[in-house]
1. Filtering the range A:16-31 down to residues that are aliphatic (A, V, I, L, M) and surrounded by fewer than 17 Cβ atoms within 10 Å (Cβ to Cβ), which residue is nearest to the other protein chains (Cβ to nearest Cβ)?
2. If I ask for residues that are acidic (Asp, Glu) and surrounded by fewer than 17 Cβ atoms within 10 Å (Cβ to Cβ), which ones from the range A:38-64 would you list?
3. I need the full set of residues from the range B:21-32 which are more than 7 Å from chain A (Cβ to nearest Cβ) and either within 16 Å of the chain's Cα centre (by Cα) or over 23 Å from A:ARG34 (Cα atoms) (or both), in order please.
4. Checking A:ILE136 against (1) on the phi > 0 side of the Ramachandran plot; (2) within 13 Å of another protein chain (Cβ to nearest Cβ), which test does it fail?
5. Could you tell me which residue of the range B:1-51 is surrounded by the fewest Cβ atoms within 10 Å (Cβ to Cβ), considering only residues that are modelled with pLDDT under 90 and of a type in the set (Lys, Arg)?
6. Please indicate, with yes or no, whether at least one residue in the range A:104-113 is assigned to a loop (DSSP other than H, G, I, E, B), within 11 Å of chain B (Cβ to nearest Cβ) and without any contact (Cβ under 8 Å) to a residue 40 or more places away in the chain.
7. In the range A:42-62, what residues are within 14 Å of chain B (Cβ to nearest Cβ) and either closer than 21 Å to B:GLU17 by Cα or touching a strand residue (DSSP E or B) at 6+ places or on another chain (Cβ under 9 Å) (or both)?
Amino acid sequence: MIDFVVDTSLGLIKLLGLVFVIIMPLMIALEVSRGYGILERIVKRIAPAIEIVGFKKDSVFPLLAGILFGISYGAGVLIGETKKGRISGDQAFLVAVFLGLFHAVIEDTLLFVAQGAVWWILVLPRFLLAIVLTGIAARTIGRRPK
Amino acid sequence: MSTARPAERSLLRIVLEGARQGMYSFFALLKIMAPVYVFVSLLKHLEILGVISDHLTPYMKYFGLPGGTALAIVLGWAINIYAAIAAFAGLGLTARQVTILGVMLGISHTHFMETAVVARMNARPWVIFPLRMIVGLAMGFLLNLLLPETL
């Protein structure tokens, strides 16, 4: 019982500390790059590619955060954006489909490669699945009457 | 060039706004992650997951994996990748087996925590969770059929 309480408390503090240390710089970076128009310029360049899949430009930063750091961080960024009305429920769903299949890619891949896995088989199928299934999801919800 | 930067907002104000957003997102995540973390920690201590994985042992052969990896899969699903790796690191798996496990668990892991987060995003968790479970299992099955005997 004491073990459980100590383990859980320490683990929880570590987890929340990590979330804080990652989410704060992410949100500040997002606000700065938006304030200086950097985000606009990057997004404009890759917009055609992401629109085929069904994403709107405001989903790009949550997607990048999720792909690099993990689904919870992508969600953290997205939750902030939802509050400001920048991201709709359908967009949140598409982001979740994509990130559900393809997130925390660097960390997960390195962990398994260290155990002997072949890196491109870890990355490529997940990436392709994420694109295809997000595209299918976008068309499915697009057809549904509101 | 098109629109210039908004000169009325100084860098300091932008950073402060970002920090405010960060605090909002942090507390939103905290409220969902803390209770789920305690629940998962309880599962770990009660050793229920070992019992569940015993029932899955015979099915591992469909993924080209030894029965002992059932525990790694269940720990990965319920807890996280680190718990899964700790469970299979000593099994002496081949590169092929680790790769299959990596794809299955890469797609499908940490479900209590991540499904709760998806629910907080208002992003149809009842679709996302089964989707990841099914795609993860299907990919393990497919890779076992497609990958050559030695990688």
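1. A:LEU16
2. Residues satisfying the conditions are A:GLU40, A:GLU51.
3. Correct list: B:LYS31, B:ILE32.
4. The failed condition is (1).
5. Applying the filter and picking the extreme gives B:ARG5.
6. For the range A:104-113, residues assigned to a loop (DSSP other than H, G, I, E, B), within 11 Å of chain B (Cβ to nearest Cβ) and without any contact (Cβ under 8 Å) to a residue 40 or more places away in the chain: present.
7. Across the range A:42-62, the qualifying residues are A:ASP58, A:SER59, A:PHE61, A:PRO62.
This table checks each residue for (1) in a helix (DSSP H, G or I); (2) acidic (Asp, Glu); (3) under 20 Å from B:PHE27 (Cα atoms); (4) touching a helix residue (DSSP H, G or I) at 6+ places or on another chain (Cβ under 6 Å).
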residue	(1), (2), (3), (4)
A:ASP3	yes, yes, no, no
A:THR8	yes, no, yes, yes
A:LYS14	yes, no, yes, no
A:SER33	yes, no, no, yes
A:VAL43	yes, no, no, yes
A:LEU64	yes, no, no, no
A:SER72	yes, no, yes, yes
A:ALA75	yes, no, yes, yes
A:LEU99	yes, no, no, yes
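The values are calculated or read from the model by the stated rules, or taken from the named source; none is laboratory data. Computed from a predicted structure; not experimentally measured. Note that we place each Cβ from the backbone using ideal geometry, even for glycine, and neighbour counts take in every protein chain shown.
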